[in-house]
1. What list of ³J(HN,Hα) values in whole Hz, one per residue of segment B:462-477 in order, does the Karplus curve 6.51 cos²θ - 1.76 cosθ + 1.60 (θ = phi - 60°) give from phi, with Gly and Pro shown as x?
2. Once you order the gyration tensor axes a ≥ b ≥ c over the Cα atoms, which shape class does segment A:407-483 get: rounded for a/c under 1.5, otherwise prolate or oblate by comparing a/b with b/c?
3. I need the shape label for segment B:330-418. Rule: rounded when a/c is under 1.5, else prolate if a/b > b/c, else oblate, with a, b, c from the alpha carbon gyration tensor.
4. Considering the convex hull of the alpha carbon atoms of segment A:373-537, report its projected area averaged over all viewing directions, in nm², one decimal.
5. About its Cα centre, what dipole magnitude does chain A give when the only charges are +1 on Lys and Arg Cβ and -1 on Asp and Glu Cβ, stated in debye to the nearest 20?
6. Between B:S406 and B:A607, what FRET efficiency follows from the Cβ-Cβ distance if R0 is 35 Å, with the result rounded to 0.05?
7. Beyond a 18 Å Cα-Cα separation, which of these cross-linked pairs lie in this structure: A:K85/A:K163; B:K106/B:K304; A:K462/B:K304; A:K596/A:K658; B:K304/B:K520?
8. Taking only Cα atoms, what is the 0 to 90° angle, nearest 10, from helix B:501-521's long axis to the longest principal axis of chain B?
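What follows draws every value from the coordinates through simple rules; no lab data is involved. Bear in mind the structure is a predicted one, so any value in this text is a computation, not a measurement. Here the Cβ positions follow ideal geometry from the backbone for every residue, glycine too, while neighbour counts run over all protein chains shown.
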Amino acid sequence: MTTTIEPKQKTVLDPVTFEVLKNSFTTSVDLMSEQILRTCHSFVIYARDFSCALVDAKGNTVMQGSQDVAVHVGTLHFGAQAILKRFEGDIHPGDIFGVNDPYSGGTHFNDVRIVRPIFSEDELIAFAMSMGHWSDVGGTVPGSFDVNAKEHFGEGFRMVPVKLWDRGVFRQDVAELIVANTRAAEANLGDMHAQAEATGVCERDIHRLVDKYGKDTIVTAFEEVQDYVERLTRKRISELPDGEWETSDYIDFDPAFGEGLIPVNVRMTITGDQIHYDLSKSAPAVSSFLNSGFGASFSGVVAGTKTFFPDIPLNSGFYRAITCDLGPEGTVVNAGWPIAVTGFCSGPYEKIMSAIFELWSGIMPERAIACSFNLEYLLIGGRDARTENKPYFMWYDWMVGGWGGRNGKDGANCTSPLFGVGLAVQPFEGQERLTPVITSKHEIVTDSGGPGRYRGGCGVEKGGMLTNSERSVMSYCCDRSRNVAWGIAGGLPSTPHGVWMNKGLPAEKYLGAVFSNVPIQNGDTFTRPSAGGGGYGDPLLRPAAEVLEDVIDAYVSITRAAIDYGVVVTEIDADLDEYEVDEEATKSMRASIAAKRTSWLSEDAQEIAERYRSGELSDLDLIRQYGVIVDWGTGELFPKTTGQFRELLRKRSVEYWKAPA
Amino acid sequence: MGSLRVAVDTGGTFTDVFVLDDETGESRVGKVPSTPDDPGRAVLEAAKAVGVDLKDVVLFSHGTTVATNALITRNFPPAAMVTTKGFRDVIEIRDGTKNDLWDAYKDVAGPYIKRRDRYDVTERIDFEGNELEALDENEARVLAGRLRKKGVKTVAVCFANSYANGAHEKRMKEILTEELPGVRISTSSEVLPEIFEHDRFNTTVANAVLAPLVGDYVAKLSTNLELGGYKGDLLLLHSGGGSMTPRMVQKYAARIAASGIAAGAIACRHLATAAGFPNAIGLDMGGTSTDITLVYGGEVRITKEWSVEYGYPICFPSIEVMTIGAGGGSLAWIDPAGSLRNGPQSAGATPGPACYGTGGVNPTNTDANVVLNRLGTSLVGGAMTLSPDLARSAIEQGVAQPFNMSVEDAALAVVKVANANMADAVRLVSIRRGYDPREFVLVAFGGAGALHGAALARELSIPTVLVPPNPGVTSALGCLLVDIRHDLSVMYQKSLGAADPAEMEGLYQTMEAEASAHLKLEGVAPDQVLLERTAAMRYLGQWRSLTVAVGAGSEALGEAVARFHREHAREFSYSREDAPIEIYQLGLRAIGLTPKPKLAKQDPVAAELPVPKSVREVWFEAEGIGSAVPIATPVYERAELLPGMGARGPAVIDQLDATTVVPPHTSWKIDANWNILIQIEEVSA
């Protein structure tokens, strides 16, 4: 991942040929995406958890798909490199390879890459790659998301580079060996074909270009498109000041220790036209599956950075301007074999991205953004008893949530996760046909956006009931139940993640943000919110008129308009959406909050937790006013976590509050 | 009894009219400025401008952007949505995605109805259509009272699983109708009885917010036409490429959301088919954008994934149109890494291209065409004069100097990059779908299509370019050509083995009865009705389906399955004959044929070309070296060219509403339908 290649200052190709080929490569890759969307079997791929790339003969990315999910960027070329290494001298026209290995630069076992070498006459000139999330790849739990897995053996099958087609002949035995280790053999076989055919579309398009422009021009263009992106990136970096910045974001806890936030540490250095990231001070690997292999961590670094350069195309030219030191194996960001890594996407990946967002928010305040909600997956699997043969079912659900408040703009409501804003949520009407789960609610959560001068976006709540099944279990892959999505520049945190079973009923139980294999019976209900985004800027500075508008749409309640913003709203006629701001009361409320709020963060945490248990304070009071973190079910205080959380609030929020007038 | 057919197409800047006299076969065209404050005024003015007396009109058809503009500007009357308890935010949650994946400061626009105007009631139907919870009628009436108090003018009723059972929606509608007389009610089970809540709800919401505006618009226009003496039904072009009467528009307002865009595609299909080309790619290039459509086997491509704005699908079958930001006014620019780019930013009407002399200084495609002498300096019959000096200086400073090129080479580079972008877009709608451009004709129209068409065809290996007689008003012609058409569908999710032909037959017949009733109300004679059955199918486990035609009789299903395998192979280059198949949805296309106009036709005769009005030095790319060279090129007036005339390129052909550039290494002729056909000759690359 290090490089000292000097970018060429000019292209060899004339400007027209260069621009035409650059756009053509994008088209060649997008052709694959279009096809895979229309032919895939996995509903996860259909929801756009896939990506495609054109990689050169050395294993460098020439072009990544323009609609790819963020979580795959910066990883596809590792797959081609793994194949080049394993099959050196044994790669032929008509071969197609498969690989899903997180320990050689992959992401998690579900993400299967199908790779087709492209030849011009007898010369290998490129690889077409299609990467897609298969809905199940074996392991202990349906969907292959076992939170408690410590090693890869519990997570799913590991596909090191393997030939699926040998000189045009499909290796049925190999394919069957692979899919026989999964709960979705037919669908996976269908996707193996669909992905392989998609890479064929790219191959034909590259052959067309070779026929038209000649092989040498195309191979030169592969290089120059990377040089172009590198040049563009370096130019932009060189316009920024040199310097060093550091921050940490946190995974909620390591089950081995019970409580205490686990740091993902990011140090960034800009020197001239190069960015260097150092993640080596991050925590040792945790004893759940919220760890990340080197490929996925590099992806977090790339995707986090790319968000601040949205117009630069993605290929290895971009990666050349960014170096990254992940430190030795055995950490949350560089888990080597056989440490469990499937939950990387909810764990270190989002923490790396969010930490990088925070750093860049300081360097480019015009693109600043607070913390967003955490990627979450809820899985219920068992036997569907609505039909006689009781087939396996999988209700595998993820939600949108709120994004962080921005400089001059509220955060976006109801948006797909950092993981990839192209990832679509599933319609519940489709889920109700396919599984014995009835959805009872899919709705925006009032007060979920972190308060700020610019409010964080709102999260949503989705819940349901299991109707007619046998031997069903529920698993959840999330985070930020304790390290609640934070505000910046004086903004406040949003809301905690976590699943409730039978909420409001005698059998109510809080299950937290990571668990697996919890039995669930017919008639049981469950629900969980997605968090809002953190706020940007001091909420006491949000104009009362804007708070009033939020109250009218019930994005913010009257109660919390007063507590979080110090804005006192009175109802005139709710039927007509008529409310008004009590200006006098607002003035004195704001003055009172400004005078006291810093001291609230020093109040005795045990007493605050007790007031939560007694019902006097709400979870949002604890998080936003007192900085106290408890088990949201039992109310048990997490003293160490609370200490850490309060420190972070002081750094990101209190620092920016002006002294009371 | 009159004999005139009048078609009026309302665009953003101009309202175009195309008049055809059925008796004489003569046509007239005209353009008047659009009147956005009251679009119907320009429609009447356009007819008047070409001397039409409405008493002489037998058929008046109309394509309009009224609905599209209302959706873009969110200019709606007070509207509300009523949905199942717990699902008030389905339309705001969408599917969660954004179209800009990386720019965290670019957001998806807000939904058509704000949260404060979305209400829920207690009721629930399950996926099989069984009632889980009855509609709480007390709640419903209390809610109706609140909507009345708020002064709501239109309501969308969207209940969970109503595609399987619309009874609760129907009852809710009855209650609202009782409590809120005069308010328009759209229910999702009537508007789009299809699975997937966001698609169905949003389509219904779009229908509801448009209903008053569009309903009033067509009613007023109908009245005015009637007052003028027109006795027939006003026909409105809908997004699916058919037309509908004002009566149906009242119920399905959202169906005309893409009315204005569909017209060009219809015209493209007609022109190509009439000239003997079953396969055509339409290139409708205007000032700021280009609409690309594809016709295959005489049919336009229809999509159900259409929206005016990202995130808010309107799932009626709509003609698939790809719009890209490449037009005459698109800017050429150099990015920070030194690459020459083109569009999507445009100089627009103000400041306009540099050569307009209205303040623009940055180089545009129009400026490049002026520098290359392809575009004359006098446009619209002398109404507009272009400045070659300003064009030259813009190209020189913006492109030639930074790249150290001659001004002509720079202009050529600008045009080539613009063409390459359009070629990529064409590839996406053709090659991407498994269509080979070599089997197509390129129909080039709009203000700028004929300037770029021939070069684009060469880039794409398309052998022939067709430039219609009136490139600038081709969309209005499209309005003249459409049949009345309704698309109906019903969910039928079963594996092939479980499909019951008798049950399917029953569902088809129900749809056929409903469609026939619609067409009868619209005055279509039974012998002018065409009913076409379709089925959407997929390999079991796939998420998207392909729609294929279904015949009648006992073999129909088997034949449809064979067709499905073939279509899958053509579209995706593979099929899996041994894989199980699932049926997803049954559909019906109901067409009420309207009498087709006979466009002017004249047998070609060998005739001498007229004397060119001038000969000028036009710059073309020299073969093999990529730089521009001047070639003496004759300039013809199109009005003087008759069927049968033609020559080898180069040539420039001028007319009031467009300029056609015929490059070297081509030949051109005027065909029997008065089209210019440009034949691209093979050249070594």
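1. Once rounded to whole Hz, the list reads 7, x, 9, 10, 10, 10, x, x, 10, x, x, 10, 4, 5, 4, 4.
2. Details: a/c = 2.33, a/b = 2.13, b/c = 1.09.
The shape class here is prolate.
3. Details: a/c = 2.01, a/b = 1.54, b/c = 1.30.
Prolate is the answer for segment B:330-418, as a/c is 1.5 or above and a/b outweighs b/c.
4. On the way: hull surface 37.6 nm².
So the Cα hull casts an average projection of 9.4 nm².
5. Dipole about the Cα centre, nearest 20: 840 debye.
6. On the way: r = 40 Å, r/R0 = 1.14.
That pair, B:S406 with B:A607, gives E of 0.30.
7. Numbers: A:K85/A:K163 13 Å; B:K106/B:K304 26 Å; A:K462/B:K304 27 Å; A:K596/A:K658 13 Å; B:K304/B:K520 26 Å.
Over 18 Å Cα-Cα: B:K106/B:K304; A:K462/B:K304; B:K304/B:K520.
8. Once rounded, the angle reads 70 degrees.
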